[in-house]
Amino acid sequence: MASQDWLDKDFYAVLGVSKDASEADIKKAYRKLARTHHPDQNPGDAAAEQRFKEISEAYDVLSDPKDRQEYDALRAMGGGGARFTAPGGSGAGGFEDVFGDMFGGGAGPGSFRTSSGAGGPDLSDLFGAFAGGGFGGAQGFGGPQGFGGGYGQPRPTKGADRTATTTISFRGAVEGTTVSLRAADGETVEVRIPKGIRDGQKVRARGKGSPGTAGRGDLMVTVQVREHPFFQRDGDDLRVQVPVTFDEAALGATVEVPTLAGPVKVKVPAGSQPGRVLRLKGRGVASAKHTGDLLVELQVAVPAELSDEARAAVEAYAAATADLDVRKDLARRAQW
C-alpha cells in the first residue's frame, strides 16, 4: 500500500484508540476486534470480512514503530500538505504512479506491500535515476573529482524491502508451516514459518523483496496466530483447565489430560484445592531454543443435579464433617 493511502485512513479510529495509545493498548484493541470480526467467526459475512481487513491493516501499521512514525508524519501534513505526483504533471498521477512498479495491497492475509526496511516506500531508486545513486552527496555522480564510478553511472542499490501480514492456525504456529503470499502484480512468494512462533512475531524472508541492481530486498512477514479453544499459550508454556470431581480432588486420582502429542495420565494429589496447578515438564510449545511446559489447572466440578443415592451420600458427608468450619479465618483476614 502506497503511503498516500494512509492520508485517507484514520487507523487510530479503526482500532478505537487514541493517537498516543501505547503498544500494549493497540495490541489489546486489535485482539479484541479481531476475535469479533474474524471470518472464521462470521462465515459468509462480507461486511465482517471487510472490517477484519481494515482492522488488520490498521494494526499492521500502528504496531510497527517505523510505520507508525511515518504514518503520524504523513497524517500531520495531510490536511493540505504535500502529496507526491508523477513528474511532468500538475495533478495527474499520485504516489502510486511514481512507484507504479512497487507492490500494493493491504495488510490482510496473503498480501504484501513495498517499504524501505520496516518503514515506508524506498525513495533511493527513484532519486538514484536522477542523481546516479543514493542521497550521500559524494556517492552521486563520479568523475575527476573522485566521487567514484563513471559519469552518469548509477550506484548499484539493493531492492526495497516489502512487508506482509498473514494469519495462521494454532497448529501451524506450534508445528511450523509454509504460507503463500500474493503481491498486487500476481507474484506469489512462499515463506516458511518456523515452529514455535508467537502471535505478532515477524519472519524475515531474505531475498524475497523488490528487485534491485544489487539484488533483491527482504520480505518482513508479521504473523498472527488464531487462538485455540482449549490450549492457552503463555510464552512457550501452555495452560489448560481440567475438571475433576469432588472425590477425585479429596481422595486423589489419576485422570487423562490432552496434550499436543496426545492424552497422558496425570496424578491428582489427595486434598487438591480448586485452582491448583500441576506442571507437566516439556509438554508445552517447542521452539528452536526452548520447550515449554503444560500447566494443568484443576477445577472441581459440582453436579447441578443429584440422584437420591448421591444426595444421601452428600448429606452423610455433611453430617460427618459438621464440626469443620471452613470460614473460621475470614473475619481475621478481612480486618483492615
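Nothing in this text is a laboratory measurement; each read-out follows from the coordinates by a stated rule. Please read these numbers as outputs of a predicted model, since none were measured by experiment. Ideal geometry is used to build each Cβ from the backbone, glycine not excepted, and the neighbour counts take in all protein chains shown.
Side notes on the structure shown:
- Protection proxy ranking of 261-270, 24-33, by the mean of other Cβ atoms within 10 Å over each peptide's residues and highest first, is 24-33, 261-270.
- From the alpha carbon centroid of segment 163-187 to that of segment 276-326 is 40 Å.
- Per-pair calculated FRET efficiency, R0 = 41 Å: Ala46 and Thr321 via Cβ, rounded to 0.05: 0.10
- Globularity index of segment 232-330 is 1.37 (Cα radius of gyration / 2.2 N^0.38 Å, N = number of residues).
- Computed over segment 182-276, the P(r) tail beyond 18 angstrom holds 65 percent of alpha carbon pairs.
- Two-site FRET efficiency, Leu330 against Asp237, from Cβ-Cβ distance with R₀ of 35 Å, rounded to 0.05: 0.60
- As a rough guide to protection, the peptides 210-220, 273-283, 319-329, 154-164 ranked by mean Cβ packing within 10 Å, highest first, stand as 154-164, 210-220, 273-283, 319-329.
- A cut-off of 5 Å between modelled amide H atoms, ignoring neighbours fewer than 5 places along the same chain, links Gly196 with Val174, Glu175, Gly176.
- Förster radius 41 Å - calculated FRET efficiency between Gln201 and Val277 (Cβ-Cβ, nearest 0.05): 0.95
- In plain terms, the residue of Thr177, Thr188, Thr245, Thr222 with the fewest other Cβ atoms within 10 Å comes first and the most crowded comes last, giving Thr188, Thr245, Thr177, Thr222.
- Residues whose amide H comes within less than 5 Å of that of Gly215, counting only those at least five positions distant or on another chain, are Gly159 (H built at 1.01 Å from N in the peptide plane).
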